[in-house]
């Protein structure tokens, strides 16, 4: 069988084609042997990630990737579910896991805001390795029989607040803001975790719940007598988007064609951000990061259909100009397959500089020596705003510290 090298620009394209063709590589074909050796991935026998709760799309995608790592590279991946942002990020910060399949709390941790304004946390030097940008949206669902079709109708309703999960709460707040609704306009109902929140809406305890549209728990609401409905975020409503992005600048406009109650024929006009996002700390070993990204990219054809959101891990779906910098090992891999540009590198370096400004401001805040938690958080927030503005960055949050 003849195979032309000319049509393949990199290993990520060439090798899956070789596998699908059933081509065997004779020892005497030195060029192909060199290609095969270049494909080798060196990973530890055991790795550990944190992820979202059991049954969520983030957890399911991590498990699907783990199966590919096991089948193709002999790696045992332990996926540790965490019920909120703190429980997912604490093992990463302490070094108990190497990576986390996390959400937009990655951005909040970088910024040192909300729960991460606490003296035990502060801005974290997190890095992105890969992300999933699928065909779904990040949104708020309501019961289909509730009659709620617009965000303004959430006023006076029972809205969940998940303790220790600022990303969920902030995104809920941003979408409510689309309709001019704030926390003072609703009845706040506290929950200990994501799954508990979704059990709450199915049981009729609350009137709305936040999720990615392909998340497993959303199917419980669809299957219940109430049914499920996702209010749209109108792309032509400039005032809505101005209020939304003022709260959560990590969102972007997107039309979802996958999700519970969502199809190509019945899409959802809304908003999204990458989820899950595979992250590490900045000091994670560069070779490990490089090899993990390579293994996931090469294994993509084997797991892309394992979960409705897994299609978003495609190389072409990576959002290299997002709000958190990429790990040096990941950058090296993307350079090797020819998708990393000078403009992306400049953007990445600027994001790293932002983290450095935040780290310096945090050291200043700690040196103030106040034992009063509320005063410390406010002092940190003030310093954060001042130092970011002085360096030419938008602080985004000027008047919000940690929230319980």
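Taking (1) over 22 Å from residue 100 (Cβ atoms); (2) modelled with pLDDT under 95; (3) assigned to a loop (DSSP other than H, G, I, E, B) in turn, residue 249 satisfies each apart from (1). Filtered by the rule that a residue be surrounded by fewer than 19 Cβ atoms within 10 Å (Cβ to Cβ) and either outside the structural domain of residue 246 (by TED's automatic domain parsing) or touching a strand residue (DSSP E or B) at 6+ places or on another chain (Cβ under 7 Å) (or both), the range 177-195 gives 187, 188, 189, 190.
Filtering the range 248-268 to residues that are within 12 Å of residue 233 (Cβ to Cβ), surrounded by 17 or more Cβ atoms within 10 Å (Cβ to Cβ) and either free of Cβ contacts under 8 Å to residues at least 60 places away in the same chain or in contact with a strand residue (DSSP E or B) (Cβ under 6 Å, 6 or more places away or on another chain) (or both) leaves 251, 254, 256, 268. The set of residues from the range 98-148 being assigned to a loop (DSSP other than H, G, I, E, B), in contact with a strand residue (DSSP E or B) (Cβ under 7 Å, 6 or more places away or on another chain) and farther than 17 Å from residue 251 by Cα comprises 98, 125, 148.
The single residue among 93, 70 that is modelled with pLDDT of 90 or more, closer than 30 Å to residue 383 by Cβ and surrounded by fewer than 24 Cβ atoms within 10 Å (Cβ to Cβ) turns out to be 93. Residues in the range 254-285 that are at pLDDT 95 or above, closer than 25 Å to residue 224 by Cα and either assigned to a loop (DSSP other than H, G, I, E, B) or more than 19 Å from the chain's Cα centre (by Cα) (or both): 257, 260, 261, 262, 263, 264, 265, 266, 267, 268, 269. None of 364, 377, 302 is surrounded by 13 or more Cβ atoms within 10 Å (Cβ to Cβ), outside any loop (DSSP other than H, G, I, E, B) and within 24 Å of the chain's Cα centre (by Cα) except 302. Screening residue 287 with (1) surrounded by fewer than 15 Cβ atoms within 10 Å (Cβ to Cβ); (2) within 30 Å of residue 144 (Cβ to Cβ); (3) in contact (Cβ under 8 Å) with a residue 60 or more places away in the chain gives one miss only, at (2).
The values are calculated or read from the model by the stated rules, or taken from the named source; none is laboratory data. Just so we're clear, the structure is a prediction, and the values are computed from it rather than from any experiment. We place every Cβ from the backbone using ideal geometry, glycine too, and count neighbours over all the protein chains shown.
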